Amino acid sequence: MNIFLRSIFIALCFMATYDVAAQSPQQTQMPAVKHYPNPAGNSSVVNIFFTLPANSYVSLKVFNPLGILMKEVVNGNLIAGDHSIPLDISNINDGVYFYTLSVNDRSETKKLTIRK
């Protein structure tokens, strides 16, 4: 194959790859996640708020500073819309913890401070 035909072949392969990538569905954005109260004090429950743009697989886990799983609050499919997930902290000691919200293939981790 001469250099001219090889260049056209490479260009056609690139254009076909680019076209397929342009038509693939756009990845969903990670919803903003908040919690209240912050820091958690006299309350025995912290509410974690987020909004799902579409029905999604959701996982919500709480970890201690060493990365050890303390609680798995949600693990399953949730419908689109606003969500307020109660997190019972009555059995958790004072300190800094982290919770990770995973929606489909994206995750966000936030710090949670508990002072009783």
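The values are calculated or read from the model by the stated rules, or taken from the named source; none is laboratory data. In this text, all values refer to a predicted model and were calculated from it rather than measured experimentally. Reconstructed Cβ throughout: ideal geometry from the backbone, glycine too, with neighbour counts over all protein chains shown.
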Exercise. If you go through region 62-91 one residue at a time, how many are without any contact (Cβ under 8 Å) to a residue 24 or more places away in the chain and either in contact with a helix residue (DSSP H, G or I) (Cβ under 9 Å, 6 or more places away or on another chain) or surrounded by 14 or more Cβ atoms within 10 Å (Cβ to Cβ) (or both)?
Worked result: 2
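State which residue is nearest to residue 114 (Cα to Cα) when the search covers only region 32-58 and only residues that are in contact with a Gly (Cβ under 8 Å, 6 or more places away or on another chain) and surrounded by 15 or more Cβ atoms within 10 Å (Cβ to Cβ).
The initial filter retains those residues of region 32-58 that are in contact with a Gly (Cβ under 8 Å, 6 or more places away or on another chain), namely 51-52, 57-58.
Those still in the list that are surrounded by 15 or more Cβ atoms within 10 Å (Cβ to Cβ) too: 52, 58.
Numbers: 52: 27, 58: 24 Å.
Within region 32-58, the match that is nearest to residue 114 (Cα to Cα) is 58.
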Problem set entry | First in region 46-59 and part of a loop (DSSP other than H, G, I, E, B), second anywhere and at pLDDT 95 or above, Cβ under 8 Å, 6 or more apart | 53/80; 54/80; 55/77; 55/78; 55/79; 55/80
Exercise. Could you list, in sequence order, the residues of region 85-111 that are acidic (Asp, Glu), under 19 Å from residue 37 (Cβ atoms) and not in a strand (DSSP E or B)?
Worked result: 94
